[in-house]
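Asks: The following block contains the structure, expressed as structure tokens.
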Amino acid sequence: MKQRLLVIALLLAAAGLIAALVLTPRLNRSNVLTGYVEGEPLYLASPVSGAVAQVHVQRGDRVKAGDRLFVVDPKQLAAQRQQAQAEVGAAQAQAQDARKGLRPVELAVYDANIAAAEARARDAAADMRRVEPLVRRGIYAPARLDDVRAALQTANAQLAAARRQRDA
């Protein structure tokens, strides 16, 4: 009988131990969660290019939105701004120069080109007036009339081009 009591006592002790092991974690609820934490890498960049002059944070530091993380070298930004201002000034000077128009000497060159083109056109028209009746009489071949007509058209086209160039 002693053996039976011992076995029953051991079984009761084992059941109590198992119950204690199972129920104890449920009674002592802790704020520990199990699972996985996922993160996404964040790559920071400046809106302007340049060399980094200062770094205000280290790896692992906590930062908030708006915190200053780094400083781009202000000398390089100032140089870029000065270059842009110089380019704006050059563009303004070109625009002002274009509004002024050409110098009188340059205009005189265009006028001389127009006068030369007018002279060639008058000469070609005179040739046309002389050759056309002679071709009708059969003194010159029709090919001669074609040549003179082509020369007149060329002279008129050159005159129009010279006038457009002066207007432009």
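The values are calculated or read from the model by the stated rules, or taken from the named source; none is laboratory data. Because the structure is predicted, anything quoted here is derived from the model rather than measured. A quick note on method: Cβ atoms are made from the backbone with ideal geometry, for glycine too, and the neighbour counts reach across all protein chains shown. Only protein heavy atoms, including side chains, enter the accessible area calculation; ligands, DNA and RNA are left aside. Shrake-Rupley method; radii C 1.70, N 1.55, O 1.52, S 1.80 Å.
Asks: Beyond 23 Å, what share of the Cα-Cα pairs of segment 1-94 remains, rounded to the nearest whole percent?
Replies: Looking at segment 1-94, the distances longer than 23 Å represent 67 percent of pairs.
Asks: Can I ask one more? Order TYR110, TYR36, TYR140, TYR43 by their accessible area, 1.4 angstrom probe, all chains in place, largest first.
Replies: Sorted by accessible area, descending: TYR36, TYR43, TYR140, TYR110.
Asks: In the chain, with Lys and Arg counted as +1 and Asp and Glu as -1 at Cβ, which of these residues, ASN31, TYR110, TYR43, has the Cα nearest the positive end of the dipole, that is, farthest along it?
Replies: The residue sitting farthest along the positive end of the dipole is ASN31.
Asks: Out of ALA90, ALA65, ALA79, whose Cα points farthest toward the positive end of the dipole of segment 60-168 (charges: +1 Lys, Arg; -1 Asp, Glu; placed on Cβ)?
Replies: Of the candidates, ALA90 comes out farthest on the positive side.
Asks: Continuing with this model, one more query. State which helices in the chain qualify, where a helix is a whole DSSP H run, it must extend 15 Å or more along its own axis by its Cα atoms, and its mean Kyte-Doolittle hydropathy must be at least 0.0.
Replies: Span-like helices here: 2-27.
Asks: Same structure again: Kirkwood Rh and Cα-based Rg: tell me the resulting Rg over Rh for the chain, rounded to two decimals.
Replies: For the chain, the value is 1.77.
Asks: While we're here: Search the structure for amide H atoms under 5 Å from the amide H of ASP73, placed 1.01 Å from N in the peptide plane, and list their residues when 5 or more places away or on another chain.
Replies: Those qualifying (amide H under 5 Å, at least 5 residues apart or on another chain) are ALA51, VAL52, ALA53.
Asks: Output the relative contact order of segment 31-168, whole-number percent, from Cα pairs under 8 angstrom with separation of 6+ residues.
Replies: 19
Asks: Once all Cα-Cα distances of segment 53-101 are split into 10 Å bins that start at 0, what whole-number percent is in each one?
Replies: 21, 25, 19, 16, 12, 6, 1
Asks: Give me the net charge of MET128's neighbourhood, meaning all other residues with Cβ under 15 Å from the Cβ of MET128; Lys, Arg count +1, Asp, Glu -1.
Replies: Net charge around MET128: +2.
Asks: Shifting gears a bit: Could you tell me the ratio Rg/Rh of segment 96-168? Both radii from Cα atoms, Rh via Kirkwood.
Replies: Across segment 96-168, the Cα-based Rg/Rh ratio is 1.24.
Asks: Determine the sum of side-chain charges near ALA162: Lys and Arg each +1, Asp and Glu each -1, restricted to other residues whose C-beta is under 12 angstrom from that of ALA162.
Replies: With Lys, Arg at +1 and Asp, Glu at -1, the neighbours total +1.
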